[in-house]
Amino acid sequence: MTVERDYEPSPFSPGYGRRPLVFGGHETDLAELTDVFETLDFGESQSVLVSGLRGSGKTSLLSVLQDAARNRGWLVISDDASAGLMDRVMETAIPSLLQQLDQGTRARLTGLGIWQLNAQWEYVDRHREVRPLLRRDLVALSDVLAEHHPPAGVLITIDEVSSGKVRLRELSRFALEISHAIAEGANVMVVFAGIRLDLEALVEQEHTTFLRRSRELDFRRLSPPETRHVLAETIRIGGKRVDDDALALLVSISQGYPYLVQLAGDFAWRSSGSGPSITLADARAAQSRAITAVERRVISRVYQDLSEKDREFVAAMALDESRTKIADIVERMGVSDQYVQVYKKRLIESGYVQSDGRGYVTFSLPYLGDYIRSMNSESGPDAGRDDWQQYPPPKS
């Protein structure tokens, strides 16, 4: 049965892990990382740490890198840091990659004595004469890929890094195997993604010293021009126009938060139906739906992740509509400045809060302050100022 539609499907992608049509920010980093897939000149990009809050674009970046690597003939191992990572990679991911290789390459790998293939050159089992090690697999794959024209390598992306003790032990062992493969000359790029505190916990493990020299990407909010570009270009590619006042409102609604950019754009597009343009009325229709959705799907969960003292800190901040003076937080919490500085540092490293001029902080996550104020209602120098002050969020 064919379903006829009189409208174009939305070009926005607010779903988890979906690659956006237009990727905003980090253009230089992305270009340099993808260049490695062509040149094999790794430089500082052999290991990469991508930090950021939920919905900040980390997983989308991994998707962009994976597509770019595959397009240049690289093999891609993609997983998350949940229990059983090592077994999944060695017993499922790598055998699956073997099936993608041509017969000559598989014959070359069989000759190395690591994998057993049948007469049809299909994977059967791993030889057990030598204890199987991930480093051996990666070196073997890298060696045969280096003989391809053009030569290629292996990209490994691990999302959702966790700082739980059990997870860190397995991740540390996994990273150690990768470091040995790299030390043996394997053409491997590894990318770990998570919130900053969890990545820092990983880097501090006993066997992950090589990660301390990783390239670091910190995903926060897009700038106002970047936000405008992502919205306008996505709409253009999708086949519509957007009125200037509608675009201005969508920029203001989304506040540079990548997930909210996709969400607001998607709601506005759907509101426009079969019309050729997204109008101010469409943007207004998207406003409450997008803000409500991000509060339920992201902000409420972020708030639940906070400790009791973290919540006291952000509650003290939420008493102000804009930035908050540290001295006021000290007074409102009734504790010492040194005590407040500890929680300030932790919240900044987590990505929920950012410095906003000397002695001031503000929320990094749009609408977090509004969310806290709504819950409560129910029960100097400009250096480092946030340029989103020029784009206050619209009133609910």
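Can you name every one of the helices (runs of 4 or more DSSP H) wholly within segment 308-367 that holds 2 or more residues which are under 30 Å from the mean Cα position of the chain (by Cα) and farther than 20 Å from Gly194 by Cα?
308-318, 337-350
Regarding Ala281, is this residue more than 28 Å from the chain's Cα centre (by Cα) and farther than 22 Å from Val22 by Cα? Steps first, please.
On the way: more than 28 Å from the chain's Cα centre (by Cα): yes; farther than 22 Å from Val22 by Cα: yes.
Judged against the criteria, Ala281 is a match.
Could you grab me the full set of residues in segment 350-371 that are over 21 Å from Tyr391 (Cβ atoms) and surrounded by 15 or more Cβ atoms within 10 Å (Cβ to Cβ)? Working first, answer last.
Within segment 350-371, the subset over 21 Å from Tyr391 (Cβ atoms) is 350, 358-359.
Once the filter is applied, which keeps residues that are over 21 Å from Tyr391 (Cβ atoms) and surrounded by 15 or more Cβ atoms within 10 Å (Cβ to Cβ), segment 350-371 yields only Ser350.
Examine segment 6-27 for a residue that is within 20 Å of Arg196 (Cα to Cα), surrounded by 18 or more Cβ atoms within 10 Å (Cβ to Cβ) and of a type outside the set (Val, Ile, Thr), and state whether such a residue exists.
First pass over segment 6-27, keeping only residues within 20 Å of Arg196 (Cα to Cα): 16-17, 25-26.
Among the residues that remain, those that are also surrounded by 18 or more Cβ atoms within 10 Å (Cβ to Cβ) are: 25-26.
When the remaining residues are screened for being of a type outside the set (Val, Ile, Thr), the result is 25-26.
Yes: one or more hits.
Do we have Glu44 as in a helix (DSSP H, G or I), surrounded by fewer than 18 Cβ atoms within 10 Å (Cβ to Cβ) and either small (Gly, Ala, Ser) or modelled with pLDDT of 95 or more (or both) here? Before you say what the answer is, go through the steps one by one.
On the way: in a helix (DSSP H, G or I): yes; surrounded by fewer than 18 Cβ atoms within 10 Å (Cβ to Cβ): yes; either small (Gly, Ala, Ser) or modelled with pLDDT of 95 or more (or both): no.
No; evaluated as a whole, the condition is false for this residue.
Considering only segment 259-284, how many residues are in a helix (DSSP H, G or I), of a type outside the set (Lys, Arg) and within 19 Å of Thr227 (Cα to Cα)? Break it down stepwise before answering.
Start the filter on segment 259-284 by keeping residues that are in a helix (DSSP H, G or I), which leaves 259-272, 280-284.
Applying the additional criterion that residues be of a type outside the set (Lys, Arg) yields 259-269, 271-272, 280-283.
Of the ones still in play, those that are also within 19 Å of Thr227 (Cα to Cα) are 259-269, 280, 282-283.
So the count comes out to 14.
Matching residues to (1) assigned to a helix (DSSP H, G or I); (2) of a type in the set (S, T, N, Q); (3) outside the structural domain of Thr157 (by TED's automatic domain parsing); (4) modelled with pLDDT under 95:
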{"residue": "Glu4", "(1), (2), (3), (4)": "no, no, yes, yes"}
{"residue": "Phe12", "(1), (2), (3), (4)": "no, no, yes, no"}
{"residue": "Gly15", "(1), (2), (3), (4)": "no, no, yes, yes"}
{"residue": "Arg18", "(1), (2), (3), (4)": "no, no, yes, yes"}
{"residue": "Leu21", "(1), (2), (3), (4)": "no, no, yes, yes"}
{"residue": "Val50", "(1), (2), (3), (4)": "no, no, no, no"}
{"residue": "Ile94", "(1), (2), (3), (4)": "yes, no, no, yes"}
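The values are calculated or read from the model by the stated rules, or taken from the named source; none is laboratory data. Please read these numbers as outputs of a predicted model, since none were measured by experiment. Cβ coordinates were reconstructed from backbone atoms using ideal geometry, including for glycine residues, and neighbour counts include every protein chain displayed.
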